[in-house]
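Participant: So that we are looking at the same thing, I have put the structure below in structure tokens.
Each reported figure results from applying straightforward, stated rules to the coordinates on display, with no laboratory input. All figures in this text were calculated on a predicted structure; none of them were measured in a lab. Cβ: placed from backbone, ideal geometry, glycine included. Neighbour counts: every protein chain shown.
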Amino acid sequence: MNRLNLSLLIVLLSITLLGCQTTKSNSPPINNALINNNKFVINTIESQSEIFELNEDIKSQLDQYVRANASPLRQAKKLLNFLMNNGDSTLAYQSGANLVASDAFYNLNANCLSLSILAYSLAEHLGLSTQFQRVHIPEYWDQSQGYSLLTGHVNLVIKQPKRREEAEKVYFLEPTSLTVDFDPNSREQHFKTSKISKDRITAMFYNNKGAMHMIKAEYDLAYSYFRAAIQFDKNYSGAWGNLGILYRLNHMHDLAEQTYQHALLINPENNTVLGNTALLYRLTNRIAQAEKIEASLESKRRDNPYYMIVKGNEALAQDELNNALRFFNEARKLDKNLHDSYFGLAKVYYYRGNLNRAESYLKLALKNAEFTHDKKRYQGKLAAFKYLALRESS
């Protein structure tokens, strides 16, 4: 998580990606006044069919790779091999890489949502039965261009339906299935899951795209995506919350507050919306109300190492190195296997001028990194340290 030009905004904004933190969903009547705003120009965006569409080249490759007469589960396993052969064995993904299915096939360095969409489309082409799932992971933040992004996680189950082979008197009383999950941490820890629809996945895709455009201050595009997400799934609290952020960034504070309130009607436990409501209260001089929400959120999150990493990066952005050191050490105590906490400690010691300790923590970050893009990043920084050491010794 590099220190970036917009790093000061980390303390001001948390954006929801995927929206997997939702725990309860209500169905209030949609308030069309909140999504019909003439300040923004509605842009043309991908349709749902375009998001899931495979081009003819991919279909042809898949048909040649997978035997049509294989059992559904064997086809599913072949499908996974097909994906692996198209990319590297880690299928590394990044939160900001929101790609339609065909693009994700050619560039597997996408996020878990795009890769799950790709796996769904490949399975659908083979006629396999599938089910998207939301994975109930702890709150997890990523950094992009100085913004703190709360990310969620989804995966895909490919199912073999119940069937009965009368000829050989072999009975399959329970369905068998294969879970396609692109996050090794999720696979290992066996988090709870719940079913989600293709429309919710589409809304998540639009929401992610909107968040990335909002970060770039491309507000018409961001509005177009958030609006489309809500139209596909009016009960997706994450999209409502991000739309509220967009209104706040455009100094439409009353409309932002109404949109946050609508998001909280859908899901009163949406911590991201609560945090952004507190920020809005601070901006509008309602400090006591802001502090009440912030205290509640702090209590909920104090045992979450990812939250401590966010706090550490916030402190770094403010050049508060002692506080940053405390937060990163707290994250390390809560979970010694997270590479982000070691990278945070490396940054603190680098800014303090202690290159030996910085290099030591970078090595620990590399040791604990799961994905190729993280490993390459740390290897590059370690190479830079060796170069500095050579210069100093010459």
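Participant: Once you put a point 7 Å from the Cα of Asn38 and another 7 Å from the Cα of Asp319, both along the Cβ direction, what distance in nm separates them?
Facilitator: So the two model labels end up 4.7 nm from each other.
Participant: So how do 278-286, 47-55 stack up, highest first, on mean other-Cβ count within 10 Å? Please report the intermediate quantities before stating the final value.
Facilitator: On the way: 278-286: 16.4, 47-55: 14.9.
Sorting 278-286, 47-55 by mean packing, highest first, produces 278-286, 47-55.
Participant: Can you tell me the FRET efficiency between Asn55 and Glu218 if r is taken as the Cβ-Cβ distance and R0 is 30 Å, rounded to the nearest 0.05?
Facilitator: For R0 = 30 Å, the calculated efficiency reads 0.65.
Participant: In which sequence would Asp181, Asp340, Asp63 go, from the one with the fewest C-beta neighbours within 10 Å to the one with the most? Please list the in-between numbers first.
Facilitator: On the way: Asp181 23, Asp340 27, Asp63 12.
Going from sparsest to densest Cβ surroundings: Asp63, Asp181, Asp340.
Participant: For Trp240, Trp141, which order do you get if you count the other beta carbons within 10 Å of each Cβ and list the fewest first?
Facilitator: The order, fewest Cβ neighbours first, is Trp141, Trp240.
Participant: Which number comes out as Rg/Rh for the range 305-393 once both Rg and the Kirkwood Rh are worked out on C-alpha atoms?
Facilitator: Numbers: Rg = 12.7 Å, Rh = 13.0 Å.
We get a ratio of 0.98 for the range 305-393.
Participant: Here is a further query. So, by mean Cβ neighbours within 10 angstrom, what's the order for 366-374, 32-40 with the highest one leading? Don't skip to the end; give the middle numbers.
Facilitator: Working: 366-374: 16.7, 32-40: 13.1.
Ranked by mean Cβ neighbours within 10 Å, highest first: 366-374, 32-40.
Participant: Further question: Taking the simple approach of a point 7 Å from Cα along Cα-to-Cβ for both Ala70 and Leu283, what is their distance in nm?
Facilitator: That separation, rounded to one decimal, is 5.2 nm.
Participant: Moving on. With +1 assigned to the C-beta of every Lys and Arg and -1 to the C-beta of every Asp and Glu, and no other charges, what is the dipole magnitude of the range 254-295 about the Cα centre in debye, to the nearest 20?
Facilitator: Dipole about the Cα centre, nearest 20: 80 debye.
Participant: Oh, and also: Starting with the fewest neighbours, write out Leu73, Leu246, Leu62 ranked by other beta-carbon atoms found within 10 Å of each beta-carbon. Kindly include the intermediate steps, with their values, before the conclusion.
Facilitator: Working: Leu73 16, Leu246 25, Leu62 20.
Ranked by crowding around the Cβ, least crowded first: Leu73, Leu62, Leu246.
Participant: What is the pair-distance distribution P(r) of the range 216-279, computed from all Cα-Cα distances in 5 Å bins starting at 0, with each bin given as a whole percent?
Facilitator: Spelled out bin by bin, the range 216-279 gives 4, 21, 31, 25, 16, 3 percent.
Participant: Can you find, among Ala317, Gly344, Leu355, the residue sitting farthest towards the positive end of the charge dipole of the range 315-368, where Lys and Arg contribute +1 and Asp and Glu -1 at Cβ?
Facilitator: Checking the options against the dipole of the range 315-368, the answer is Leu355.
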